[in-house]
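Below is one structure; the comments refer to it alone.
The values are calculated or read from the model by the stated rules, or taken from the named source; none is laboratory data. Predicted model only: the values in this text are computed from it and were never measured. Positions of Cβ are backbone-derived with ideal geometry, glycine not excepted, and every protein chain shown enters the neighbour counts. For the accessible areas, the whole protein counts, side chains as well, though only heavy atoms, and no ligand, DNA or RNA atoms are used. Shrake-Rupley method; radii C 1.70, N 1.55, O 1.52, S 1.80 Å.
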Amino acid sequence: MMTRQNTKDPQVFWRDYEAQLGEQVLAYALGRYIRGWEGFKAPLWGLLIATSRGFRFHHFPHESWIEAISRTTWGGNAPQERLIFIPQERLIAVDLREETSWWKKLFTPQPPLLVIRYRDDADQEQELLAETEKKAAALLPALEQNRREP
């Protein structure tokens with residue numbers, strides 16, 4: 001389990017993250033999980049990460065002070081860290097869908113949609129969707145290269 005440290009240096013964070021995983025981080029972007037993984041409720045913000053072993057979505061728990069007071073007053077559980085890992089051998093295809101119509105971009109802007117097709121534990125094809133930022137385009141070549149390597 002990855003714990004957040006009070007550091008403002010992203011290089012230190014990523015170095016520690018790689019050391020904890022035992023994998024190289026190839027690319028990352030901020031994203032919002034939409035659907036496609038059993039047991040996850042949407043929406044859920046986190047990091048979309050291409051590593052040397054596959055794809056990861058990592059949600060770091062957070063809670064506002066109002067939520068914390070409400071939870072301690074009325075009961076409930078604190079937010080939990082959530083992880084998705086799809087090994088490279090289970091990746092089928094990765095795509096970043098962006099709106100191309102300038103009319104739609106102007107009047108109904110939507111963030112790019114990361115679409116990952118993969119095989120689940122039962123060998124059934126599934127599709128994971130996450131809204132993301134344009135920076136997520138760097139995930140595609142990293143995951144595609146990973147998918148082709150044995």
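Values as computed for the structure displayed
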quantity	calculated
Estimated inter-spin distance, Asp120 and Ala42, nm [label 7 Å along Cα→Cβ]	1.5 nm
Exposure ranking of Lys135, Lys41 by accessible area [1.4 Å probe, largest first]	Lys41, Lys135
Largest to smallest accessible area among Tyr28, Tyr118 [probe 1.4 Å]	Tyr28, Tyr118
